[in-house]
Amino acid sequence: MSHTKSCIGFCGLLMAVLFTTAALSIDYSSSLKAGRAELESAGVLAFGPEGILFVGDSMGAAIFALATEDRTPGSAQARVDISGINEKVAALLGTAADQILINDLAVNPISKKVYLSVSRGRGPDAIPFIVRADSSGKIEEFSLENVKHARVTLSNVPGRDAKDRRGRSQRLEAITDLAFVDGKVFIAGLSNEEFASKLRSVPFPFKEAGQGTSVEIYHGSHGRFETNAPVRTFVPYEIDQEPYILAAYTCTPLVKFPVSALTPGAKIVGTTIAELGNRNRPLDMITYEKGGTPIILINNNSRGVMKITAEKLESYEGITEEVDMEGVPYETIQHLKGVQQLDLLDQRNALILVQADSGSLDLKTIALP
């Protein structure tokens, strides 16, 4: 569920993905120690400073910070276009394309190389891998054997065998998205508590994860308050000069949470500023600026890619009664279909993982709409 996760400062009018001077003055890599990174699963990805890649390991209930040592600036004209990336990754890992899952992608904002979290196998014994690709089409495994890394464990996550009412694993939703912002890793996911939906803020370098904040929302299309639905994807965003988390949920409410309220052990209610249509699951969000206008782009599993003009989000009152579609308006980008993953490549282009008509998955560079 990648978005502008490389953003170090909260994204304001410039939708910045550049690191702040203060962040760059800290030697984050010195906190990482060489050894094998014992991932049990590889899910959502996000980049921090110094080419450090954060990996969500839901099965291991942990966040890993991996030193990629990938700090050579990429070309301003770099494009990544690789057809059949799922087939090529499967061949690299010695298996068939139907035996792997590409769980997420993230673009290193320094080198412009693309990192993929991959599962080889589709059951409880699936093996996690990190794979990277560059603009030349080269694909290689990023070794976890002797990598400088750090790990922080999350408490109060769902048990390994926990299921929801539809029989789906709740443990796999212990970490649904993450982002590095101003020296902290923000993490969305589920806990094992009565009010299960959580937002966590973990300082980096890692010490401990803490209890996290329980978050509740009013879901307009469902006509009720909800405490157990996890955030599917989010972006840090500045509204009226205050830092917020803009979060999207299944069916598809868009909700804002003030970062100042995300204190450990607290329970807060977010403000639902849009209902974007039910029977839909948001997959990724990115933010950028085009023609002086701030934009939020959301790709979804059934409603395509939505483009939201993100001006004056503070002017939208919270939705507090049952509605179908209301609040912040959007337009659908009709030519973008089958987009499974999305991340910002630079301030003019995005990178997508898209399903081709043939059924294969392709990495494509597209102009920001």
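Let me spell it out: the conditions are (1) more than 20 Å from the chain's Cα centre (by Cα); (2) in contact (Cβ under 8 Å) with a residue 24 or more places away in the chain, and Lys163 meets all of them except one. Which number is the exception?
Status for Lys163: all satisfied but (2).
Would you pick out the residues in region 168-220 that are in a strand (DSSP E or B), small (Gly, Ala, Ser) and under 16 Å from Gly48 (Cβ atoms)?
Listed by number, the residues that qualify are Ala179, Ser201.
Being of a type in the set (Lys, Arg) and part of a loop (DSSP other than H, G, I, E, B) is the filter; apply it to region 46-103 and report the residue that is surrounded by the fewest Cβ atoms within 10 Å (Cβ to Cβ).
Only one residue fits best here, namely Arg71.
What single numbered condition from (1) surrounded by fewer than 21 Cβ atoms within 10 Å (Cβ to Cβ); (2) modelled with pLDDT of 95 or more; (3) within 30 Å of Ala367 (Cα to Cα) fails to hold for Ala34?
(3)
Of everything in region 207-221, what is modelled with pLDDT of 95 or more and more than 17 Å from Lys256 (Cβ to Cβ)? Give them in sequence order.
The one that is modelled with pLDDT of 95 or more and more than 17 Å from Lys256 (Cβ to Cβ): Gly212.
Residue-by-condition table, conditions (1) at pLDDT 95 or above; (2) of a type in the set (A, V, I, L, M); (3) surrounded by 15 or more Cβ atoms within 10 Å (Cβ to Cβ):
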{"site": "Thr271", "(1), (2), (3)": "yes, no, yes"}
{"site": "Asn278", "(1), (2), (3)": "no, no, yes"}
{"site": "Ile295", "(1), (2), (3)": "yes, yes, yes"}
{"site": "Leu344", "(1), (2), (3)": "yes, yes, yes"}
{"site": "Ile366", "(1), (2), (3)": "yes, yes, yes"}
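Of (1) touching a residue at least 40 places away in the same chain (Cβ under 8 Å); (2) among the hydroxyl-bearing types (Ser, Thr, Tyr); (3) out of contact with any strand residue (DSSP E or B) (no Cβ under 8 Å at 6 or more places or on another chain), Ser302 satisfies all except one. Which?
Going through the list (1) touching a residue at least 40 places away in the same chain (Cβ under 8 Å); (2) among the hydroxyl-bearing types (Ser, Thr, Tyr); (3) out of contact with any strand residue (DSSP E or B) (no Cβ under 8 Å at 6 or more places or on another chain), Ser302 breaks only (1).
With modelled with pLDDT of 95 or more, more than 18 Å from Thr176 (Cα to Cα) and crowded, with 17+ Cβ neighbours inside 10 Å as the only criterion, which of Phe225, Phe204, Phe234 stands out?
Phe204
Could you please find all residues in region 68-127 being farther than 20 Å from Lys364 by Cα and basic (Lys, Arg)?
Arg71, Arg120, Arg122 - these are the residues of region 68-127 that are farther than 20 Å from Lys364 by Cα and basic (Lys, Arg).
Run Lys163 past the list (1) in contact with a Ser or Thr (Cβ under 7 Å, 6 or more places away or on another chain); (2) modelled with pLDDT under 95; (3) surrounded by 18 or more Cβ atoms within 10 Å (Cβ to Cβ) and report the number of the one that doesn't hold.
Among (1) in contact with a Ser or Thr (Cβ under 7 Å, 6 or more places away or on another chain); (2) modelled with pLDDT under 95; (3) surrounded by 18 or more Cβ atoms within 10 Å (Cβ to Cβ), Lys163 violates only (3).
Kindly indicate the residue of region 172-225 that is acidic (Asp, Glu) and over 15 Å from the mean Cα position of the chain (by Cα) and also nearest to Gly43 (Cα to Cα) among those meeting that condition.
If we take residues in region 172-225 being acidic (Asp, Glu) and over 15 Å from the mean Cα position of the chain (by Cα), then Glu208 is nearest to Gly43 (Cα to Cα).
Give the residues of region 123-154 that are at pLDDT 95 or above and among the acidic types (Asp, Glu), sorted by residue number.
Listed by number, the residues that qualify are Asp134, Glu140, Glu141, Glu145.
What strands (runs of 3 or more DSSP E), lying completely within region 255-369, carry at least 2 residues that are under 24 Å from Leu199 (Cα atoms) and either more than 19 Å from the chain's Cα centre (by Cα) or among the β-branched types (Val, Ile, Thr) (or both)?
Per the criteria, 267-269, 271-275, 282-290, 293-300.
The values are calculated or read from the model by the stated rules, or taken from the named source; none is laboratory data. Predicted model, so just to flag it, every value in this text is computed and none were measured. Virtual Cβ from ideal backbone geometry, glycine too; neighbours counted across all protein chains shown.
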